[in-house]
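Step one of this worksheet: look at the structure below.
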Amino acid sequence: MKEAGCDDESTNGVVLMVEPYSQTEQIQHVIYRILDANLDRAREGLRIIEEWCRFGLNNAQLTLECKHLRQEIANWHTAQIRAARDTMGDAGTGLSHPQEEQRANIKSLLQANFGRVQEAMRVLEEYGKLTHPNMGKAFKQMRYRVYTLESSLFGYQRHQLLLRSRLYLVTSQSENLLSTVEAALKGGLTLLQYRDKTADDTVRLEQAMKLRQLCHSYGALFIMNDRVDLALAVDADGVHLGQQDMPIAIARQLLGPQRLIGRSTTNSKEMQGAITDGADYIGVGPVYETPTKVGKAATGVEYVSYAAKNSPIPWFAIGGIDPNNINEVIDAGAERVAVVRSLMEAEQPTLVTQYLLSQLYRVKANP
Ligand SMILES: Cc1ncc(COP(=O)(O)OP(=O)(O)O)c(N)n1
Ligand SMILES: Cc1ncsc1CCOP(=O)(O)O
Ligand SMILES: [Mg+2]
């Protein structure tokens, strides 16, 4: 605030009462303080996200987008706005929410910072409109770029984790569903599909929600069998669709580009269809006959060899695979396998997971 006082130089010693700031000037000052705080907040949040894109994901494109956004924000941070800063007089300094004190994992850290950036940009959009004719529009556009960045980053992370996953556990009904899955996660599992063909939707929703939380707490992917609606409802990482399930094109429209879609295949034609339709991965099998999928003819290891030579996308051999025959499947060219009974019915799922992974890690994954 300007203080009432005298100005000897300009008034030749005549004492003048100087008017305090007008109400308009006071409001302008407050707006500048709001802009200053939120310009800082948006840049800081983006910097935190940028570090993960650069050092965690090694992704030049995402890193560059963060940098461009930061630079654009900096251009709006004029000397006039900075001059309004009054840290000592800011009643909000030092206030923090208990949730800010702890982050469970990288995902929650990133989510919190995306939220922070988006919130700050919304504030800049609204208060900016009062200051500069283009500021509101500029921050609205930037906010949408941040939404796109968020979805690309999480989508990229999902695909990377899919590529790293060698073992895929598909669940069956079990009284010990959660403890069995957790035991497998402890053994190094990074990909889970919740498959229950008969339970009510209320049960499926409840179980899926719990499994998704469990998987994410171990940094693993969670996929829903058959049902796109349930996948969306529980914020799953994707869905697995068979030849009789929803077409991939429709599922893609509903799920967007960043969630994973898997497709079952039993022959070269189905494989080609899945690739053309944009599946992220395919199931290859049943390699052997299995009571888990009664009446479905086995493809034999020949189809595994075919997939090894012809699939440009990640694929999982499935059907009757266990610790005794996994090396036969690996010898036919499999680098990734999916199992139901081998883990769901194991006495020690952690040990079996570790054993299956140890065999799969003997071969190089491609792609
Ligand atoms: C990884 C994987 N591969 C194949 C299947 C089988 O899917 P589908 O043919 O739709 O049969 P159901 O599992 O729905 O009975 C799968 N689930 N996962
Ligand atoms: C769901 C599915 N799709 C092809 S085979 C199969 C079941 C595999 O189960 P298991 O590993 O117990 O043989
Ligand atoms: Mg199905």
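Between the helical axis of 135-164 and the longest alpha-carbon principal axis of the chain there is an angle of about 30 degrees. A straight chain from LYS67 to LYS309 at 0.36 nm per residue would run longer than the Cα-Cα distance by 83.1 nm.
Sort largest first and round to whole Å: the equivalent ellipsoid semi-axes of segment 202-322, each the square root of five times a Cα gyration tensor eigenvalue.
On the way: eigenvalues 124, 58, 35 Å².
Working through the eigenvalues yields semi-axes of 25, 17, 13 Å.
Lysine pairs in segment 100-234 whose alpha-carbon atoms fall under 30 angstrom of each other, counting only those eight or more residues apart or on distinct chains, come to 9.
Centroid-to-centroid, using Cα positions, segment 215-253 and segment 261-317 are 18 Å apart.
Considering only Cα atoms, the convex hull volume of the chain works out to 169 Å³ per residue.
Where does the charge balance sit around LYS140 when Lys and Arg score +1, Asp and Glu -1, over other residues with C-beta under 12 Å from its C-beta?
+3
Using the average count of surrounding beta-carbon atoms within 10 Å as a protection proxy, the listed peptides 232-241, 110-119, 133-142 rank, highest first, as 232-241, 110-119, 133-142. Based on alpha-carbon atoms, the Kirkwood radius and the radius of gyration of segment 188-246 give Rg/Rh equal to 0.95.
Solvent-free Debye calculation, one equal scatterer per alpha-carbon of segment 267-354: log10 I(q)/I(0) at 0.12, 0.13 Å⁻¹ equals -0.36, -0.42. Against the longest alpha carbon principal axis of the chain, how many degrees, from 0 to 90 and to the nearest 10, is the axis of helix 23-51 turned? Taking the Cα atoms of the chain, the angle to 23-51 is about 30 degrees. Once the Cα atoms are used to define both axes, helix 177-186 deviates from the longest principal axis of the chain by about 80 degrees. With the convex hull constructed from alpha-carbon coordinates only, segment 23-69 shows a mean projected area of 3.2 nm² over all directions.
Since every read-out is calculated from the coordinates, none of them should be taken as a lab result. Small disclaimer: the values here were computed from a predicted structure and weren't measured. Every residue, glycine as well, gets a Cβ built from its backbone with ideal geometry; the counts of neighbours run over all protein chains shown.
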